[in-house]
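My structure is below; once you've seen it, I'll send some questions.
The values are calculated or read from the model by the stated rules, or taken from the named source; none is laboratory data. All values derive from a computational prediction rather than experimental measurement. Reconstructed Cβ throughout: ideal geometry from the backbone, glycine too, with neighbour counts over all protein chains shown.
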Amino acid sequence: NAGVTQTPKFQVLKTGQSMTLQCAQDMNHNSMYWYRQDPGMGLRLIYYSASEGTTDKGEVPNGYNVSRLNKREFSLRLESAAPSQTSVYFCAIFEGTETYEQYFGPGTRLTVT
Amino acid sequence: RKEVEQDPGPFNVPEGATVAFNCTYSNSASQSFFWYRQDCRKEPKLLMSVYSSGNEDGRFTAQLNRASQYISLLIRDSKLSDSATYLCVVNMITGKLIFGQGTTLQVKP
């Protein structure tokens, strides 16, 4: 997972608890993304940040907030976790116009009970 | 309607077969297109970009038809190691990167 680190790798929360998933890159890419992946659903975009200082909603933003702290870091916060948020969360970076570079973090496996 | 749609499969093929995956996208403002590969419980990895002129990387050929908003991936001479989920991805001009739900390929000996 050259260039993208995610913490934690695993987490169990009780309904109503909050937590922040951290993502950091050392590739100096402008675009960063948070996805969730559920069985049979593919990857669904939660939020993305096309550049430092901007964030936008993706396909499934409800129940989440994000912060693009600087060019390196993009965090995802669950304010009040729900069982429906049990999923694998991936952070990704992307850059390019004619040639492309893209990397994913290793994922965070979150269970909400 | 989902922005990027794929047939989820699974596609079960024998070694050596040729297999084709298709994908459609709904937003005509889509800017760039990709195929990714994902192995079980791992993160997706970029397989190849897709261009209107078509592009080839070894046994893999990708094609884009902008008029029909359609993307394809052809795998020739399938290997056991090709077994994975293949994801179609569209990059919007806004920077939004949308994944299809993936097509599962199982290559059997």
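Just to be sure, is residue B:87 closer than 28 Å to residue A:29 by Cα and in contact with a Gly (Cβ under 6 Å, 6 or more places away or on another chain)?
yes
Mind counting the residues in segment A:21-36 that are under 21 Å from residue B:5 (Cβ atoms) and at the interface with another protein chain (Cβ under 9 Å from one of its Cβ atoms)?
2
Out of the residues in segment B:25-59 meeting the condition of being part of a strand (DSSP E or B), touching a residue at least 24 places away in the same chain (Cβ under 8 Å) and away from chain A (no Cβ under 11 Å), tell me which one is farthest from residue A:5 (Cα to Cα).
Applying the filter and picking the extreme gives B:25.
Go through segment B:74-99 residue by residue and tally those that are over 13 Å from residue B:33 (Cβ atoms) and of a type in the set (A, V, I, L, M, F, W, C).
The total comes to 4.
Right, something else. Please verify whether segment A:49-56 includes one or more residues that are modelled with pLDDT of 95 or more, within 14 Å of another protein chain (Cβ to nearest Cβ), under 15 Å from the mean Cα position of the chain (by Cα) and surrounded by fewer than 16 Cβ atoms within 10 Å (Cβ to Cβ).
yes
Oh, and also: Output the number of the condition that residue A:42 fails; it satisfies all remaining conditions of (1) within 14 Å of another protein chain (Cβ to nearest Cβ); (2) more than 24 Å from residue B:34 (Cβ to Cβ).
Here residue A:42 meets the rest and fails (2).
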